[in-house]
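The values are calculated or read from the model by the stated rules, or taken from the named source; none is laboratory data. What you see is a predicted model, and the numbers here were worked out from it, not measured in a lab. Note that we place each Cβ from the backbone using ideal geometry, even for glycine, and neighbour counts take in every protein chain shown. Heads up: the accessible areas ignore ligands, DNA and RNA and are worked out on the full protein's heavy atoms, side chains in. Shrake-Rupley method; radii C 1.70, N 1.55, O 1.52, S 1.80 Å.
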Amino acid sequence: TSNQMWGGRFAAGPDAIMEAINASIGFDKRLAAQDIAGSRAHAAMLAATGIVSDKDAEAMREGLLTVLSEIEGGTFEFSTALEDIHMNVEARLKEVIGEPAGRLHTGRSRNDQVATDFRLWVRDQLDAAEAGLVTLLQACLAQAEAGADWVMPGFTHLQVAQPVTWGHHMMAYVEMFGRDLSRVRDARRRMNECPLGAAALAGTSFPIDREMTAEALGFDRPCANSLDAVSDRDFALEFLGVASICAMHLSRFAEELVIWSSAQFRFVALSDRFSTGSSIMPQKKNPDAAELLRAKVGRIFGANVALMTVMKGLPLAYSKDMQEDKEQVFDAADHLMLALAAMEGMVRDMSPLRDNLEAAAATGFSTATDLADWLVRVLGMPFREAHHVTGSLVAMAEKKGCDLPDLSLEDMQSVHAAITGDVFDVLGVHNSVASRTSLGGTAPVRVREQIARWKEILS
Ligand code: ARG
C-alpha cells in the first residue's frame, strides 16, 4: 500500500530497504515536544488569520496535547512507515480528532517544520550548556578562592617554568569557560529566528502570520528568507563549534587532573565519588571521570566534522541529506552536558594538596627568572647578561645537586662578585609570586581582584 501522506501520486509503497534508509523516527522522536509546540502555535495562528475555524484549531490544539501525553507516557506507538516524528504525530492526531487534523498542514511543510523543531531543541541545549557552564565556573571560582595564595609550579612544555598561585591556575580555566559561556549566549542570540511559515521553500499564498508563531515559540523574529530558513543548519553547526571548543577546554583541564592526581605529582586528591578502583590492584584509585572527559572531545569534534561535511556543497534549499544533522547534534549535546556536570563535580570535590604544591613550586630552579630580574633591578645589569649569569648559577646548583636558594653567597659571588645577600629574598617562591603584580599576573592581590570581578559577573 502506498503512503497515506502522499499516496495520491504513488501506486506502490516503498521497498523495505528504502523504508530503513529513509526513516528518522528512531532518533527524531526526541523532537516530539518541540514538534507539538510548533504545531500548536501553527494551529492557533491558522485560526487567528481565519485560515481554519476556531473550532478546528481548538480540536487540533487539544488533540496535540493528548498525543504529547501519550508520547510522554510511553504508550505512543511509533511507526517506521510514517518516517519521522512529524508524520507520526500528525497521523495519530487524525486518529484522535478526525477530519480537522487534515487542516493542520495548511501553509507549512515538513521542511519548515523540522527546521523549527530542531532550532527549538538546539536552543534548549544552549540553555542547558549555559546553566552547566555557570555551575562549573562557580566550582572553579570556589577552588580559586580557597587557594588564592597557595604556590605551585607553573609549567611551559610541562617543564617547571615559574611559580604561580593555585588561584591563578584555577582562574585561567574560569577565563576559558567564561568565553565558552559568552559563545553559548552569542550562538543563542543569533539562532533565535523562526523558520515556521517558510513552507517548503518559497513561502505560502495563505495569509499566515509569521510574527505570531515566532512570538508564541519564544523566537525574537521570523527568519527573513524562506529559502534560507529551510536550508540553513548553521545554528546546529554553531552549537557543535561552541561545544567543540568547550569540550577542548574540558579535555585540557581533565588532562591536568589526570597528571596532578598521579603518585608522581600528588597535586590533588580526587574524591572517591569521581574515581574508580581496580579489580586486581587493591591500591588503585583511578581518575576515570577525568579520562572519559578527556576523550569525550573526540565524539564532539567528530559530530562537528560530520555535519560540516554533510552541509558542504548542498544546493539550496532542502535536501534529505539534512536529516543526518540530528543524530550528530543529539550525541554531541548529550555528552557535552554529561562532561560539564562531571567536571563540575570533580572540581567541586577535589582537594588540592597544598604542601605538595608548595614543595613542587620550589623545584626545577623555578625562581631563576626572579634571580635574573634581581640582577637587572639591583645591579643594573642588561637582561641578556643577567640571563647568562643566572644560567651559570643554575648549572652550578645542578652540579651540586641542590636548588638555587641552597647555594651560598660565596658560590654566587664566584660567578658574579657584585651579588649581595639580598638576592636570597627573591629566591623564595612566595616572594616570587607576590612580586608578579602586573595586570593579569599571578600575585595573590591580582588573583583576588579577578575572583571578585568574576563573582560580580556571575551574580
Ligand atoms: N525527517 C526529515 C528531516 O529530518 C523531515 C523533513 C522531510 N522533508 C522532506 N521534504 N522530505 O529532515
Amide H to amide H under 5 Å from N286: which residues, 5+ apart in sequence or cross-chain, H placed 1.01 Å off N in plane? T276, G277
Expected output is a single nm value to one decimal: the length gained when fully extending between E456 and A269, i.e. 0.36 nm times separation in residues minus the C-alpha distance. What is it? 64.4 nm
The simple spin-label model distance between L316 and R190, using points 7 Å out along Cα→Cβ, in nm, is 1.9
Please give the per residue accessible area of region 7-75, computed with a probe of 1.4 Å over protein heavy atoms only, in Å². 50
C-alpha long axis of helix 368-379 to longest principal axis of the chain, angle in °: 60
Looking at the chain, identify the longest residue range that excludes and avoids all chymotrypsin sites (Phe, Trp or Tyr not before Pro) in DSSP loops having at most 12 other Cβ atoms within 10 Å. 11-459
Angle check, please: helix 288-311 long axis (alpha carbons) against the longest principal axis of the chain (alpha carbons), in degrees 0 to 90, nearest 10. 50
Using 7 Å Cα-to-Cβ label points, what is the M396/S351 separation (nm, one decimal)? 4.2
Hey, rough spin-label estimate for L338 and A11, points 7 angstrom out along Cα→Cβ, what's it come to in nanometres? 5.0
Applying the Karplus parametrisation 6.51 cos²θ - 1.76 cosθ + 1.60 with θ = phi - 60° to the phi angles of region 401-416, what ³J(HN,Hα) value in whole Hz is obtained for each residue in order, glycine and proline being reported as x? x, 10, 9, 3, x, 7, 5, 7, 4, 4, 4, 4, 5, 5, 8, 8
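Over the chain, with every protein chain in place, what whole percent of the accessible area is carbon and sulfur at 1.4 Å, could you tell me?
53
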Please give the calculated 222 nm ellipticity per residue for the chain, where each DSSP H segment of at least 4 residues contributes -39500 (n - 2.57) and the sum is spread over every residue; nearest 500 deg cm²/dmol? -20000 deg cm²/dmol
Any GluC sites (Glu not before Pro) in region 72-150 that lie in a DSSP loop and have at most 16 other Cβ atoms within 10 Å would be E77
About its Cα centre, what dipole magnitude does the chain give when the only charges are +1 on Lys and Arg Cβ and -1 on Asp and Glu Cβ, stated in debye to the nearest 20? 340
Quick one: accessible area per residue over region 304-392, 1.4 Å probe, rounded to a whole number of Å²? 47
If amide hydrogens are placed 1.01 Å from N in the peptide plane, which non-local residues have theirs closer than 5 Å to the one on A161? G154, F155, T156
What is the Cα centroid distance between region 165-193 and region 40-91, reported in whole angstrom? 39
To test your reading of the geometry: what angle, between 0 and 90 degrees and rounded to tens, separates the Cα axis of helix 166-191 from the longest principal axis of the chain? 20
In terms of modelled amide H atoms, which long-range or inter-chain residues lie less than 5 Å from the amide H of F365? L404
In Å, what Rg and Dmax follow from the Cα atoms of the chain? 30.7, 101
Could you run the Karplus curve 6.51 cos²θ - 1.76 cosθ + 1.60 with θ = phi - 60° over region 77-91 and give me ³J(HN,Hα) per residue in whole Hz, x for Gly and Pro? 9, 6, 10, 5, 4, 8, 6, 9, 4, 5, 7, 5, 5, 5, 5
Which entries of K296/K326; K94/K320; K29/K55 have Cα-Cα distances beyond 20 Å here? K94/K320; K29/K55
Of A295, H157, L240, which is farthest towards the positive pole of the chain's charge dipole, taken about the Cα centre with +1 and -1 on the beta-carbons of Lys, Arg and Asp, Glu respectively? H157
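To the nearest 0.05, how large is the calculated FRET efficiency for L409 and L292 if R₀ is 56 Å and r is the Cβ-Cβ distance?
The formula returns an efficiency of 0.60 here.
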Phi to ³J(HN,Hα) by Karplus 6.51 cos²θ - 1.76 cosθ + 1.60 over region 220-229, Hz, x for Gly, Pro: 6, 5, x, 4, 7, 10, 5, 5, 5, 4
